[in-house]
Amino acid sequence: QVQLVESGGGLVQAGGSLRLSCAASGRTFNRYTMGWFRQAPGKEREFVGAVKWNGDSTDYADSVKGRFTISRDNAKNTVYLQMNSLKPEDTAVYYCTIDRTPLNIRSYEPAYWGQGTQVTVSS
């Protein structure tokens, strides 16, 4: 059974930083894109970013480009989200995700989701 467990969320002041981690278990995902989504109160869930299986190719939402960095450690089956220069509008529940198809070069389509971790940025 696949499980994704996020950690690292919390409360931070605007301008601060947080690092989220997501450890996957149940199978090896070194051939799958891994990424993050988020959902703010009263808003739809939105894509934050993703990293390809080799770790060399990343994609980000415009709203976080230049501030957030995604990385992964395939030996640990773990993906990370480094969030810098946080803004109050980054407040949301952040979800770790894994792609449905291995070695997928088309649109990212998550098949696995974590339970989410709360990030709150105070002004």
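The values are calculated or read from the model by the stated rules, or taken from the named source; none is laboratory data. All of these numbers come straight from a predicted model, not from anything done at the bench. Here Cβ is always computed from backbone atoms with ideal geometry, including for glycine, and neighbour counts include all displayed protein chains. The accessibility values were calculated without ligands, DNA or RNA, using every heavy atom of the protein model including side chains. Shrake-Rupley method; radii C 1.70, N 1.55, O 1.52, S 1.80 Å.
Counting heavy atoms of the protein chains only and a 1.4 Å probe, report the per residue accessible area for the chain as a whole number of Å². Can you show the working numbers first?
Working: 6500 Å² over 123 residues.
On a per-residue basis, 53 Å².
Which percent of the accessible area of segment 1-101 is formed by carbon and sulfur heavy atoms (probe 1.4 angstrom)?
Working: 2160 of 5060 Å².
Roughly 43 percent, rounded to a whole number.
With Rh defined as the Kirkwood radius, the inverse of the mean 1/r over Cα pairs, the Rg/Rh of segment 14-110 is 0.96. Counting Lys and Arg as +1 and Asp and Glu as -1 over every other residue whose Cβ lies under 10 Å from the Cβ of V79, the net charge comes to 0.
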